[in-house]
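Peer 1: Quick one: this structure, given as structure tokens, is what I'll be asking you about.
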Amino acid sequence: QVQLVESGGGLVQPGGSLRLSCAASGSTFRLYTMGWYRQDPGKQRELVAIIGSGGSTNYTDSVKGRFTISRDNAKKTVYLQMNSLKSEDTAVYYCYARFGVEYWGQGTQVTVSS
């Protein structure tokens, strides 16, 4: 069983930045594929960014050039640096891990508003 604990959400003005963190349990973190999804009420959960065990990354088109996903295997943590935030980035952001089985965090709210 893998537990994921997100932090770093909050309220930010348009154009601002936030960094989300997700701390994972388990001794084989370095083998996990990690990612961030987001969900707005009434909408489907969508992939934001994903990072493989080897460090390869992929982003949804709407965040390319603004968001950066990274991982620190020693700290068993994945990060999502979000810059130039827009109102449409407002959502609950969920940390995701896959190592055969999929795991989800509890979610952290990101609100972009003036």
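Peer 1: Out of the total accessible area of the chain (probe 1.4 Å, heavy atoms of protein only), what percent is carbon and sulfur?
Peer 2: Here it works out to 45 percent.
Peer 1: A further question on this structure: Principal axis extents for region 1-43, Cα atoms only, whole Å, descending order, please.
Peer 2: Principal-axis extents of region 1-43 (Cα, largest first): 38, 25, 14 Å.
Peer 1: Still on this structure, please answer the following. Just going by the charge dipole of the chain, with Lys and Arg at +1 and Asp and Glu at -1 on Cβ, which of Ser87, Thr108, Leu20 is farthest out on the positive end?
Peer 2: Projecting each Cα onto the dipole axis, the largest value belongs to Leu20.
Peer 1: Something else now. Could you derive backbone 3J(HN,Hα) for region 76-84 from the dihedral phi with the Karplus parameters 6.51, -1.76 and 1.60 (θ = phi - 60°), listing whole Hz in sequence and x where the residue is Gly or Pro?
Peer 2: 6, 9, 10, 10, 10, 8, 10, 10, 6
Peer 1: From the alpha carbon gyration tensor of the chain, can you work out the equivalent ellipsoid semi-axes (sqrt of 5 times each eigenvalue) and give them in Å, largest to smallest?
Peer 2: Whole-Å semi-axes of the equivalent ellipsoid: 23, 14, 13.
The values are calculated or read from the model by the stated rules, or taken from the named source; none is laboratory data. Just so it is clear, the model here is predicted, and its values are computed rather than measured. Note that we place each Cβ from the backbone using ideal geometry, even for glycine, and neighbour counts take in every protein chain shown. Heads up: the accessible areas ignore ligands, DNA and RNA and are worked out on the full protein's heavy atoms, side chains in. Shrake-Rupley method; radii C 1.70, N 1.55, O 1.52, S 1.80 Å.
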